[in-house]
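The values are calculated or read from the model by the stated rules, or taken from the named source; none is laboratory data. Remember, predicted model here, so these are calculated numbers, not experimental data. Here the Cβ positions follow ideal geometry from the backbone for every residue, glycine too, while neighbour counts run over all protein chains shown. Ligands, DNA and RNA are excluded from the accessible area calculation, which covers all protein heavy atoms including side chains. Shrake-Rupley method; radii C 1.70, N 1.55, O 1.52, S 1.80 Å.
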Amino acid sequence: VLAFGVLAMFALGALGWRVARQHAFLLGAKAELEVRVAERSAQLSDEGQRLTLALDSAKLGTWEMDLVRGKIWRSDRMRHILGVPHEAEITDYSDSYSYIHPDDVTSLKAGYQRLLCGDRSHFQVELRFRLLSGGWGWLEAFGRVARRDPTTGAPQILTGVARDITLRKQAEAKREEMIRELDHRAKNILAVIQSILRLSAKEDPAQYASRVEGRIAALSRAQALLSAEGWSGADLAAVLSGEVAPFAGIPTGEANTARFTLEGPALRVASQAVQPLILALHELASNARDHGAFQSPQGQVAISWQRDVAAGLLRLRWVESGSAPAKAPARWHVGGKLIRASLQIQLRGSFTPEWREAGFAADIALPLDCLTITAVTGA
């Protein structure tokens with residue numbers, strides 16, 4: 001009995017030792033596993049933060065479509081882009097078509113169909129969606145198959161991202177509009193130059209070259225003024241001053257305008273009216289230098305304007321003084337023809353000259369709707 005007891009004690013001791021070792025091993029393995037889980041959790045958290053940062057930086061909304069249940073989940077940003085209520089986090093994906101422009105629903109369904117048929121594993125589409133304001137914005141969506149049926153291979157889960165590209169589409173439309181506008185302006189300038197070359201008197205080559213150079217320089221000033229204003233139009237006083245000052249012997253940009261005065265409300269003239277208006281002013285100022293007020297050191301030109309809202313006209317008056325009496329020409333020369341072509345044909349206005357003892361004067365009336373003249377706010 002004693003021998004059996006001793007053997008049993010040794011056996012139990014050995015078993016206890018083995019159990020203790022196994023327990024210690026399991027505790028160590030558990031501790032190591034917990035460390036690995038903690039590390040992996042931290043890694044996943046970091047990856048999740050990086051993913052969130054990337055999505056936020058790119059302003060991407062995320063979505064997930066369950067084709068089996070017919071449901072779609074949208075992230076907060078995705079719901080914000082579409083203007084979907086916050087509580088509509090999970091909805092039937094067939095309801096999504098109500099947010100899409102009718103003309104783009106077909107292409108969206110076709111993209112889904114190609115995925116369901118297995119023709120493609122991902123898709124990219126640009127489509128219009130309804131804005132909260134009632135208009136239409138643009139959305140770019142990317143998606144791919146995230147899960148398939150293990151037996152049939154049929155897509156079960158689609159996941160993807162989307163972003164609002166309305167501003168980009170607007171910029172592209174604006175760029176196309178500007179390209180068309182620049183193309184139109186280039187053709188228009190070439191046509192005007194052709195008319196200037198054809199109309200300018202050619203008897204004296206030197207005078208012909210000088211006249212043509214002056215008129216083309218006026219076109220250049222018009223383009224420079226419009227470019228500085230971003231092709232949004234120009235201030236009427238700046239148009240008048242910039243064209244008249246050089247002929248009065250005053251360097252452009254100087255404030256001394258003793259030889260001419262400007263009087264009228266602050267107005268902006270539409271871009272399409274600046275060029276013909278400057279050409280007409282160029283001819284008036286050129287005539288004042290060669291035959292009128294600017295030919296005499298005491299000569300002056302007074303330019304005034306006002307809006308006649310009742311008649312729908314801008315009324316501008318040009319008055320020269322301090323020079324010899326003005327005499328009516330026997331016939332209209334090139335300058336007069338250009339003035340009439342610019343004011344009457346291009347701007348659908350009127351030009352009424354006066355040849356007075358005190359000097360030349362003229363009344364110009366231009367339709368406000370043609371010029372799209374606007375008052376300067378706060379002026």
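Inspect all residues belonging to region 127-134 and state whether any of them is in contact (Cβ under 8 Å) with a residue 40 or more places away in the chain, open to solvent by 80 Å² or more (accessible area, probe 1.4 Å) and touching a helix residue (DSSP H, G or I) at 6+ places or on another chain (Cβ under 9 Å). Checked against the condition, which is being in contact (Cβ under 8 Å) with a residue 40 or more places away in the chain, open to solvent by 80 Å² or more (accessible area, probe 1.4 Å) and touching a helix residue (DSSP H, G or I) at 6+ places or on another chain (Cβ under 9 Å), region 127-134 yields at least one hit.
When THR257, THR252 are checked against the criterion of being at pLDDT below 85 and either surrounded by 22 or more Cβ atoms within 10 Å (Cβ to Cβ) or under 34 Å from the mean Cα position of the chain (by Cα) (or both), a single residue qualifies: THR252. Could you tell me whether region 299-313 includes any residue that is in contact with a Lys or Arg (Cβ under 9 Å, 6 or more places away or on another chain), free of Cβ contacts under 8 Å to residues at least 60 places away in the same chain, of a type in the set (Ser, Thr, Tyr) and surrounded by fewer than 18 Cβ atoms within 10 Å (Cβ to Cβ)? Within region 299-313 (the criterion being in contact with a Lys or Arg (Cβ under 9 Å, 6 or more places away or on another chain), free of Cβ contacts under 8 Å to residues at least 60 places away in the same chain, of a type in the set (Ser, Thr, Tyr) and surrounded by fewer than 18 Cβ atoms within 10 Å (Cβ to Cβ)), the answer is yes, since at least one residue qualifies.
Only one of the numbered conditions (1) farther than 22 Å from VAL334 by Cα; (2) open to solvent by 70 Å² or more (accessible area, probe 1.4 Å); (3) at pLDDT below 80 is not met by LEU226, and that is (2).
Would a scan of region 262-283 turn up a residue that is under 20 Å from ALA328 (Cα atoms), open to solvent by less than 50 Å² (accessible area, probe 1.4 Å) and among the polar types (S, T, N, Q)? Looking through region 262-283, none of the residues is under 20 Å from ALA328 (Cα atoms), open to solvent by less than 50 Å² (accessible area, probe 1.4 Å) and among the polar types (S, T, N, Q). Residue count for region 137-165 under the criterion of being open to solvent by less than 90 Å² (accessible area, probe 1.4 Å) and not in a loop (DSSP other than H, G, I, E, B): the result is 19. The residues of region 100-123 that are open to solvent by 60 Å² or more (accessible area, probe 1.4 Å), within 25 Å of TRP136 (Cα to Cα) and either touching a residue at least 24 places away in the same chain (Cβ under 8 Å) or in contact with a strand residue (DSSP E or B) (Cβ under 9 Å, 6 or more places away or on another chain) (or both) amount to a single one, ASP103. Of all residue pairs spaced 6 or more apart or on separate chains, those with beta-carbon atoms under 7 Å, a first member in region 155-167 that is at pLDDT below 85 and a second member that is open to solvent by less than 40 Å² (accessible area, probe 1.4 Å) are PRO155/LEU67; PRO155/LEU115; PRO155/VAL145. The conditions of being open to solvent by less than 90 Å² (accessible area, probe 1.4 Å), at pLDDT 80 or above and not in a helix (DSSP H, G or I) are not met by VAL68.
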